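Engineer: Take a look at this one; I'll ask things after.
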Amino acid sequence: MSDLLVRLYDLPVFEAEEKVRSAGIVVRRGLSFERHVILDWIRKHFSEPWVSEAAMALSQQPTTIYVAVRDNALLGFACYDTSAKGFFGPTGVDEAQRGNGIGEALLIATLKGMREAGYAYGVIGDPGPVAFYQKRLDALEIPKSKPGIYAGMLRSKASTSD
C-alpha cells in the first residue's frame, strides 16, 4: 500500500483516550533514561528495525516516542520523526493488550505531538491497518509512494523478520 497523508490540524476526537485513562493506563512521552527498558521491550515484542527507529526517537529532545504504561509495565509505543521528518511510526501494542484502545490512544497522542511540533500534515509510511487510518483519520493515499523511502532498505541476514 502507498503511504498515507493525515491532516494534523483537523484531528478527530478519539474515545480511546478516556477509555485507556479510566483503565489506569497512562500515555506519555518516553523519557531518555528509560531508553534501555523501552528498547528491550520493543526488541522482545517486535523487530530490530523498530528498535533502531525507537532509538532514534529516544535520542531527540524532546523525545518523539510515546508509551502506554500501567502499573509500571510497558503496554505499547508509537513514534514519529524516525524514518523521516513528518513520518508517524512505528507503533506497536503488546499482543495481549490489543483491542483495548491503547493503539488508538497512542496514535492520537503521537499525532498531537507532531502537530505541537509544528507539522500541519503527517505521513504514515507503509501503513499496516490502512482501512483503520482511512476511516478514523480520513487519511489520503499518496500516489506513487510505494515503496517510498523504504526502497533498498538494508536488512539483517541473521533475521528474516527485519
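Derivation of every value follows stated rules applied to the coordinates shown; laboratory data play no part. The structure displayed is predicted, hence computed values, not measured ones. Positions of Cβ are generated from backbone atoms using ideal geometry, with glycine treated the same way; all protein chains shown enter the neighbour counts.
Engineer: So how far apart, in nm, are the two label points at residue 142 and residue 59 if each is 7 Å from Cα heading toward Cβ?
Structural biologist: The two pseudo-label positions are separated by 2.2 nm.
Engineer: Given a cut-off of under 8 Å on Cα pairs at least six residues apart, what relative contact order in percent is computed for the chain?
Structural biologist: It comes to 35 percent, rounded to a whole number.
Engineer: Where in the chain are the DSSP H helices whose C-alpha atoms run 20 Å or more along the long axis and whose mean Kyte hydropathy is at least 0.0?
Structural biologist: 102-116
Engineer: Just to confirm a number: summing +1 for Lys and Arg and -1 for Asp and Glu over residues other than residue 71 whose beta-carbon lies under 15 angstrom from that of residue 71, what do you get?
Structural biologist: Its environment carries a net charge of +2.
Engineer: Then there is this: At most 13 other Cβ atoms within 10 Å plus a DSSP loop assignment makes a site exposed; report the longest stretch of the chain without any exposed trypsin sites (Lys or Arg not before Pro).
Structural biologist: 1-84
Engineer: Taking the number of other C-beta atoms within 10 Å as the exposure measure, put 56, 153 in order starting with the fewest.
Structural biologist: Lowest to highest Cβ neighbour count: 153, 56.
Engineer: Still on this model: Per residue of region 12-29, what does 6.51 cos²θ - 1.76 cosθ + 1.60 with θ = phi - 60° give for ³J(HN,Hα)? Whole Hz please, x for Gly and Pro, Karplus curve as stated.
Structural biologist: Values per residue, Gly and Pro as x: x, 7, 10, 5, 4, 4, 6, 4, 6, 4, 5, 8, x, 9, 9, 10, 8, 5 Hz.
Engineer: Now for a different question. Could you compute the FRET efficiency for residue 44 and residue 70, with r as their C-beta to C-beta distance and R0 at 25 Å, rounded to 0.05?
Structural biologist: Approximately 0.90, to the nearest 0.05.
Engineer: Given a Förster distance of 22 angstrom, what is the FRET efficiency for residue 28 paired with residue 132, based on the Cβ-Cβ distance and rounded to 0.05?
Structural biologist: Computed FRET efficiency for residue 28 and residue 132 comes out at 0.45.
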